Amino acid sequence: MFGTENLGEQAFNKFAALALSSQLEAYDRLDVKVKTAPDKLASGEVESLDIAGEGLVIETDLKVQVLNIGMKTISIDPLKALTGNIELTQPTEGTAYLVLTETDLNRAINSPELRAKIDVLDTYLATEKVKLTVPQKKCQFREDGTVAVEAVVELQPSGETKEVAFTATPKIASGGRSVVLENIQYESGKELSEDITQGFLDKAEKMLNLRNFEKQGLALRINRLAVEADCIKISAAADITEFPTL
């Protein structure tokens, strides 16, 4: 196809990196590596595309320390590629690897902007007309694979506050779209009732849903997670239906 022979890997890498960076508020490093050949690109075929990012600010107060995505056998519109737009002609599957640090998670769960967006901090308990808010919270990742949580829970309309502290084990939720906390172990004197605990855990699962770390056209399904000191590492399958455009 006329023109595509001159659209080599270097130019394609540049187009892809520009398109991806336009979807981020900031980043420390963003590398894109495309493997293709002029004859294959002319027919709309890209052999592989690998994205490696560090310090990616997806939106205000939502940062991922590491995000790597790999895709193989990608079908694109070659004419639109000539103008710098990478349009997938069919969905593709890939793999993703994320690292979220303890500092970045605490910034996210305390963010007023994210609270307004996904409503993760307020819930009404199922058994009574009581609203639960969590104005203060802190998480700590531990080497033994658990996470320690400290929070202040406020009940409305009474205004009663409770200090809560517990450890839990993060597990992959059914379907792989989120992380749930299991094996709750409260510190003495900082326990919550069963219904308040369930409300707290329901909202924690919503906060840890991978859709909060995705962009349009990308869906992740966790197949492995590992908690280490200061960070959580997630390996996932990636379903890609749309590539960012400039």
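Throughout, read-outs are computed from the coordinates displayed, never taken from laboratory work. Just so it is clear, the structure is predicted and the values come from calculations on it, not from any experiment. All Cβ positions, glycine included, derive from the backbone under ideal geometry; neighbour counts span all protein chains shown.
Brief remarks on what is shown
- Partners for residue 35 among aspartates and glutamates (Cα-Cα distance below 17 Å; same-chain residues under 8 apart left out): 5, 9, 45, 47, 50, 77, 87, 93
- 10 Å-binned pair-distance histogram of the chain (Cα, whole percent): 7, 28, 28, 18, 11, 6, 2, 0
- Largest-first ellipsoid semi-axes for region 138-180, taking √(5λ) over the Cα gyration tensor eigenvalues, angstrom: 26, 16, 6
- Working note: 222 nm ellipticity from helices only, DSSP H runs with n ≥ 4, each -39,500 (n - 2.57), summed and divided by the residues of the chain, gives -6000 deg cm²/dmol to the nearest 500.
- Taken about its Cα centre, region 1-82 carries a charge dipole of roughly 120 debye when the Cβ of each Lys and Arg holds +1 and the Cβ of each Asp and Glu holds -1.
- Normalised by the number of residues in the chain, the mean separation of alpha-carbon contacts (under 8 Å, six or more apart) gives a relative contact order of 18 percent.
- Under 5 Å from the amide H of residue 228 lie the amide H atoms of 233, each residue being 5 or more positions distant or on a separate chain, with H modelled from the backbone and absent for Pro and chain starts.
- D_trans [Stokes-Einstein, Kirkwood Rh over alpha-carbon pairs] for region 160-223, 20 °C, 1.002 mPa s, µm² s⁻¹: 163 µm²/s
- Pairs beyond 28 Å (Cα-Cα), from 131/215; 33/138; 137/215: 131/215; 33/138
- DSSP loop GluC sites (Glu not before Pro) with at most 10 other Cβ within 10 Å: longest gap in the chain: 1-127
- Taken as entire DSSP H runs, the helices of the chain that both span 15 Å or more between Cα atoms along their own long axis and average 0.0 or more on the Kyte-Doolittle scale are 9-21.
- Cα coordinate range in region 1-89, projected on the principal axes (Å, largest first): 45, 21, 21
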